[in-house]
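These notes concern the structure reproduced below.
The values are calculated or read from the model by the stated rules, or taken from the named source; none is laboratory data. As the structure is a computational prediction, the values presented were derived from the model and not from experiment. We place every Cβ from the backbone using ideal geometry, glycine too, and count neighbours over all the protein chains shown. The area values use the complete protein model at the heavy-atom level, side chains included, leaving out ligands, DNA and RNA. Shrake-Rupley method; radii C 1.70, N 1.55, O 1.52, S 1.80 Å.
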Amino acid sequence: QAQLVESGGGSVQAGGSLRLSCSSSGRTFRSYVMGWFRQAPGKEREFVAAIGWSGSSADYADSVKGRFTISRDVTNTVDLQMNSLKPEDTAVYYCAARRYQGEYEYWGQGTQVTVSS
């Protein structure tokens, strides 16, 4: 059974940094586009960042450009480096995977990120 597992969430003060990681098991996601999403209380889930299968292309939401960096390694661990965190970044962050031009079909359980002012 394919699984995505997030780790690295926690609580930080505004301006701080956190690094989230997403590991996979049960199948290989090497050819998949990997993404990060987040959902704040009372809000819909929103796209944060995505990275292509080769790791050479990445896309970011405007709200995180210049502060967040997505990366993936040969083991297909996908990281999200989050710098200059703001209180509005507070949310549950989810890792997800999709085939090229497909919908995101695999999701992790989420990890909480809390940024205090």
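I'm checking my understanding of the structure. Among residues of the range 25-40 that are small (Gly, Ala, Ser) and either in a loop (DSSP other than H, G, I, E, B) or at pLDDT below 95 (or both), which one is nearest to the chain's Cα centre (by Cα)?
Filtering first and then ranking leaves 40.
Kindly provide the set of residues from the range 55-78 that are within 13 Å of residue 19 (Cβ to Cβ) and touching a Lys or Arg at 6+ places or on another chain (Cβ under 6 Å), ordered by number.
Hit for the range 55-78 is 78, nothing else.
Scan the range 28-40 and tell me whether some residue there is farther than 25 Å from residue 2 by Cβ, in contact with a Ser or Thr (Cβ under 8 Å, 6 or more places away or on another chain) and exposed (fewer than 15 other Cβ atoms within 10 Å of the Cβ).
yes
If you take the residues in the range 41-67 that are at pLDDT 95 or above and among the hydroxyl-bearing types (Ser, Thr, Tyr), which one is surrounded by the fewest Cβ atoms within 10 Å (Cβ to Cβ)?
63
Of all residues in the range 79-117, which are in a loop (DSSP other than H, G, I, E, B) and aliphatic (A, V, I, L, M)?
The answer is 85, and nothing else.
Test residue 112 against the stated conditions and say whether it is open to solvent by 50 Å² or more (accessible area, probe 1.4 Å) and free of Cβ contacts under 8 Å to residues at least 12 places away in the same chain.
no
Which residue is farthest from residue 1 (Cα to Cα), if the candidates are limited to the range 41-72 and must be aliphatic (A, V, I, L, M) and in a loop (DSSP other than H, G, I, E, B)?
64
Scan the range 68-86 and report the pairs whose first residue is open to solvent by less than 10 Å² (accessible area, probe 1.4 Å) and whose second residue is charged (D, E, K, R), with Cβ atoms within less than 6 Å and a gap of 6+ or a chain change.
78/72
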